Amino acid sequence: MDVAGLLKAKGNDVVSVRPGDTVAAAVSLLNEKNFGALVVSSDGTTVDGILSERDIVRHLHVRGGALLDDAVSTIATTTVTTCDPADSVDDLMAMMTQGRFRHVPVVEGGRLVGVVSIGDVVKSTVAHLEDANQQLNSYISGVHR
């Protein structure tokens with residue numbers, strides 16, 4: 001399966017924050033949507049960064065509650081690894097494992113078209129394994145009749 005298949009299954013809606021939005025607004029949005037990360041985008045179509053729960057926790061430890069009034073751009077990760085809809089899920093999984101990140105923006109032709117999480121990858125992998133298991137069981141049942 002490829003990343004486009006993941007997006008087809010989960011949808012390609014992207015929730016983003018602007019670089020100037022406050023960390024408090026981002027925290028509220030993360031909570032409301034039950035997300036682990038948000039794409040930072042000044043125009044909703046390009047990736048300026050990504051803000052994860054980890055980013056917030058790391059900076060909260062240093063700055064305390066004052067962090068909530070800061071702009072998202074002050075703590076967001078700006079070197080963002082992205083993927084293409086044509087990339088394979090196996091390659092995506094390897095990239096996420098090697099980079100130790102859980103969310104990857106999907107970019108096609110320079111335009112943000114979705115976000116995939118490690119949960120999406122795991123769900124897809126489990127579904128594929130369950131399907132393969134069912135096919136093997138059907139084959140074995142047919143052979144032994």
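Descriptive notes on the structure:
- Unit charges on C-beta of K, R, D, E only; dipole of the chain, Debye: 340
- The stretch 27-140 - share of DSSP beta bridges that are antiparallel (%, nearest 5): 90
- Listed residues V57, G11, V72: farthest to the positive end of the dipole of the stretch 1-110 (Cβ charges): V57
- Helical content alone sets the calculated 222 nm signal of the chain at -15000 deg cm²/dmol, taking -39,500 (n - 2.57) per DSSP H segment of four or more residues and averaging over every residue.
- Estimated vicinal HN-Hα couplings, Hz - the stretch 63-77 in sequence order (Karplus 6.51, -1.76, 1.60; Gly, Pro = x): 9, x, x, 4, 4, 4, 8, 6, 6, 3, 4, 6, 10, 5, 6
- Residues D48, D43, D70 arranged by fewest to most Cβ contacts within 10 Å: D43, D70, D48
- Fewest-first ranking of L136, L38, using other Cβ atoms within 10 Å as the exposure measure: L136, L38
- By the beta-carbon count within 10 Å of each Cβ, the least crowded to most crowded order of K33, K123, fewest first, is K33, K123.
- Each distinct pair of alpha carbons in the chain adds a 1/r term; the inverse of their mean, the Kirkwood radius, is 16.6 Å.
- Nearby aspartates and glutamates by direct alpha-carbon distance to K8 (threshold 12 angstrom, same-chain neighbours under 8 apart not counted): D120
- Relative contact order (%) - criterion: Cα under 8 Å, at least six apart; region: the chain: 27
- Folded to 0 to 90 degrees: helix 89-99 orientation relative to the chain principal axis, Cα: 40
- Calculated FRET efficiency for the pair D13/S88, C-beta based, R₀ 30 Å, to 0.05: 0.85
- Relative contact order for the stretch 28-111: 27 percent, from Cα pairs under 8 Å spaced at least 6 residues apart, divided by residue count.
- Coarse-grained scattering of the stretch 13-59 at q = 0.15, 0.20, 0.21 Å⁻¹, given as base-10 log I(q)/I(0) from a Debye sum over alpha-carbon atoms: -0.32, -0.58, -0.64
- Percent of beta bridges antiparallel (DSSP, the stretch 4-80, rounded to nearest 5): 75
Values in this text are rule-based calculations from the coordinates and carry no lab data. Bear in mind the structure is a predicted one, so any value in this text is a computation, not a measurement. Positions of Cβ are generated from backbone atoms using ideal geometry, with glycine treated the same way; all protein chains shown enter the neighbour counts.
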